[in-house]
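Okay, so here's the structure we're looking at.
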Amino acid sequence: MMSFSAVWLNAVTGTGNTMVNLIIETITIIAYSIYVYLTLETWNLPITWGWGSELVYWAGMFSMSYWYMKSERWKEKKG
């Protein structure tokens, strides 16, 4: 999942729209942090559930990057 996500995020970076890249990263990190806090601090689940945060992080990044590239909104970006 990491390799796919990194490639798609780099594709977003390549469009020159750094604001979208920042938004994707910010949303992903917030979701990641909430997952980790709830899983390990609130629900006191085992650390194996905590490692699931990687899937949350990379899946979130992939899905938003993929959606952005497929929406073709990047073509509207004016330099």
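Within the set of pairs 6 or more residues apart or between chains, which connect a residue that is within 13 Å of Phe62 (Cα to Cα) inside segment 20-33 to a residue that is assigned to a helix (DSSP H, G or I) and polar (S, T, N, Q) with Cβ atoms less than 8 Å apart? Close Cβ pairs satisfying both conditions: Asn21/Thr13; Ile24/Ser65. Taken over segment 35-79, the criterion of being of a type in the set (A, V, I, L, M), in a helix (DSSP H, G or I) and without any contact (Cβ under 8 Å) to a residue 12 or more places away in the chain is satisfied by Leu38, Leu40, Ile47.
Tallying residues that are hydrophobic (A, V, I, L, M, F, W, C) and closer than 11 Å to Thr28 by Cα within segment 56-79 yields 6.
Selection of segment 39-79 for residues being over 15 Å from Val12 (Cα atoms), surrounded by 12 or more Cβ atoms within 10 Å (Cβ to Cβ) and among the aliphatic types (A, V, I, L, M) yields Leu40, Leu45, Leu55, Val56, Ala59.
Examine segment 16-26 for a residue that is surrounded by 12 or more Cβ atoms within 10 Å (Cβ to Cβ) and part of a loop (DSSP other than H, G, I, E, B), and state whether such a residue exists. The answer is yes, given that some residue of segment 16-26 is surrounded by 12 or more Cβ atoms within 10 Å (Cβ to Cβ) and part of a loop (DSSP other than H, G, I, E, B).
A short reminder: the numbers here are calculations on the coordinates, not readings from a lab. Because the structure is predicted, anything quoted here is derived from the model rather than measured. Here Cβ is always computed from backbone atoms with ideal geometry, including for glycine, and neighbour counts include all displayed protein chains.
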